[in-house]
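Report on the structure given below.
The values are calculated or read from the model by the stated rules, or taken from the named source; none is laboratory data. Keep in mind that what you see is a predicted model, and the values were worked out from it rather than measured. Every residue, glycine among them, receives a Cβ derived from its backbone with ideal geometry; neighbour counts consider all protein chains shown. The area values use the complete protein model at the heavy-atom level, side chains included, leaving out ligands, DNA and RNA. Shrake-Rupley method; radii C 1.70, N 1.55, O 1.52, S 1.80 Å.
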Amino acid sequence: MKPLDPYRDPAAVRACAEQIAAAVTRPWTIMEVCGGQTHAIVRYGLDSLLPKGLELVHGPGCPVCVTPGHVIDAAVDLAGREGVTLCSFGDMLRVPGNGGSLMDARAEGGSVEIVYSPLDALALAKENPGEDYVFLAVGFETTAPANAMAVAQAARAGVENFSILVSHVLVPPAMEAILSSPDNRVQGFLAAGHVCTVMGFEEYEPIAARHRVPIVVTGFEPLDILQGVLLCVRQLEAGEARVENQYARAVERGGNRPAQELIAEIFEVAPQHWRGIGELPASGLRLREKYARFDAARRFGLTEETDIDSAGECISGEIMRGVKKPQQCPAFGVRCTPERPLGAPMVSSEGACAAYYRHRAHPSEEPAHE
């Protein structure tokens, strides 16, 4: 038996769904924050196992989706400069900026390298001292330790041709913003387990208390997610609002302290613009002044600007705040497809629109009516 088999056991999943149905007495709306959880929910049809009136909505936890357009524009700018190579994870290449994507930049002769780690980009910089290598450092608390490690290693080794273009976001401020919005529908959260493996869940406790919402730290397998829903529903039905840990096999309350210390050594908290959502105070990370020489924006004189967010038809902001679902977008599956995406949620492997397109029927597949 593989280690994850118990969390995918159909009988256990059905039994948990039955427990949820027995616990629910009224409608509730719960948001799963992480795009990985969204894909598991849609792929395994977990939402179809829930009783009527219990709705799962999808949150902003896709790093590719929330990276603002002006950061993509800056990356495209760097890729086109003489002697500069822009290094990125592969799923960032097709994300549209305000003036094109990194894929477009590469097709036009720009230097774009796909890497699997910021340390790969650092290794390229060491091997090619005559060129500049910039890593596009995006994502949540989960990717921050590796990016911090790359900067720390570059500093120790005296590597001067390596830098990072930083666009890090933090989960708790986004949850605060969703709960404070006038169109908020979220009554409980499934918090992303992998974020909590780094940061723990202490910082969620004030949010749960202040907004009177249950928050359940949840894993990514089918049984994990339904158990998270069950714990959340039981709190909602009982009128409780606290943080619970369904993902105890991986998450401790205090998280990974060495990783947190490394992040705090390299980065400091700063305002951050989220694509489709706007600027949120204290919701991002930027390099500390001590490491400013590794900041690609400073090194290459990139203009700091708030995002233009030229989303056009894309309603990604409403989808990532749980106000609407992908299939409620008029462009979904018609003018917006993985081949011709209007926005990042259709591009990313963690995007909600990509999940629905991949695993659910969409307009382009529906039979024509007489």
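I want to confirm something. Restricting to the range 153-164 and keeping residues that are in contact with a helix residue (DSSP H, G or I) (Cβ under 9 Å, 6 or more places away or on another chain) and open to solvent by 10 Å² or more (accessible area, probe 1.4 Å), which single residue is nearest to GLY97 (Cα to Cα)?
ASN161
On the given criteria, is VAL269 open to solvent by 10 Å² or more (accessible area, probe 1.4 Å), touching a Gly at 6+ places or on another chain (Cβ under 9 Å), under 20 Å from PRO63 (Cα atoms) and in a loop (DSSP other than H, G, I, E, B)?
Against the criterion (open to solvent by 10 Å² or more (accessible area, probe 1.4 Å), touching a Gly at 6+ places or on another chain (Cβ under 9 Å), under 20 Å from PRO63 (Cα atoms) and in a loop (DSSP other than H, G, I, E, B)), VAL269 does not qualify.
Would a scan of the range 130-141 turn up a residue that is part of a helix (DSSP H, G or I) and either of a type outside the set (A, V, I, L, M) or touching a residue at least 12 places away in the same chain (Cβ under 8 Å) (or both)?
Checking the range 130-141: not a single residue is part of a helix (DSSP H, G or I) and either of a type outside the set (A, V, I, L, M) or touching a residue at least 12 places away in the same chain (Cβ under 8 Å) (or both).
PRO281 fails exactly one of the following numbered conditions: (1) of a type outside the set (A, V, I, L, M, F, W, C); (2) in contact with a Lys or Arg (Cβ under 8 Å, 6 or more places away or on another chain); (3) over 21 Å from LEU136 (Cβ atoms); (4) in a strand (DSSP E or B). What is the number of that condition?
(2)
Applying the selection to the range 120-165, what residues are under 15 Å from GLU268 (Cα atoms) and among the acidic types (Asp, Glu)?
The answer is GLU141, and nothing else.
What helices (runs of 4 or more DSSP H), lying completely within the range 1-100, carry at least 2 residues that are modelled with pLDDT under 95 and either surrounded by fewer than 22 Cβ atoms within 10 Å (Cβ to Cβ) or not polar (S, T, N, Q) (or both)?
Output list reads 35-44, 63-66, 69-79.
Take the residues in the range 179-192 that are surrounded by 24 or more Cβ atoms within 10 Å (Cβ to Cβ) and out of contact with any Gly (no Cβ under 7 Å at 6 or more places or on another chain), then tell me which one is nearest to PHE267 (Cα to Cα). Give the steps one after another, and end with the answer.
Keep residues of the range 179-192 that are surrounded by 24 or more Cβ atoms within 10 Å (Cβ to Cβ), which gives 189-192.
Among the residues that remain, those that are also out of contact with any Gly (no Cβ under 7 Å at 6 or more places or on another chain) are: 189, 191.
Details: PHE189: 27, ALA191: 23 Å.
Here the answer is ALA191.
Could you please find all residues in the range 195-234 being in contact with a Gly (Cβ under 8 Å, 6 or more places away or on another chain) and charged (D, E, K, R)?
Matches in the range 195-234: GLU202, ASP224.
Checking CYS232 against (1) in contact with a helix residue (DSSP H, G or I) (Cβ under 9 Å, 6 or more places away or on another chain); (2) assigned to a helix (DSSP H, G or I), which test does it fail?
(1)
What residue, of PRO145, PRO118, is open to solvent by less than 10 Å² (accessible area, probe 1.4 Å) and either of a type outside the set (A, V, I, L, M, F, W, C) or modelled with pLDDT of 95 or more (or both)? Break it down into steps so the answer makes sense when it comes.
Details: PRO145 fails: open to solvent by less than 10 Å² (accessible area, probe 1.4 Å).
None of the other options fit; the residue is PRO118.
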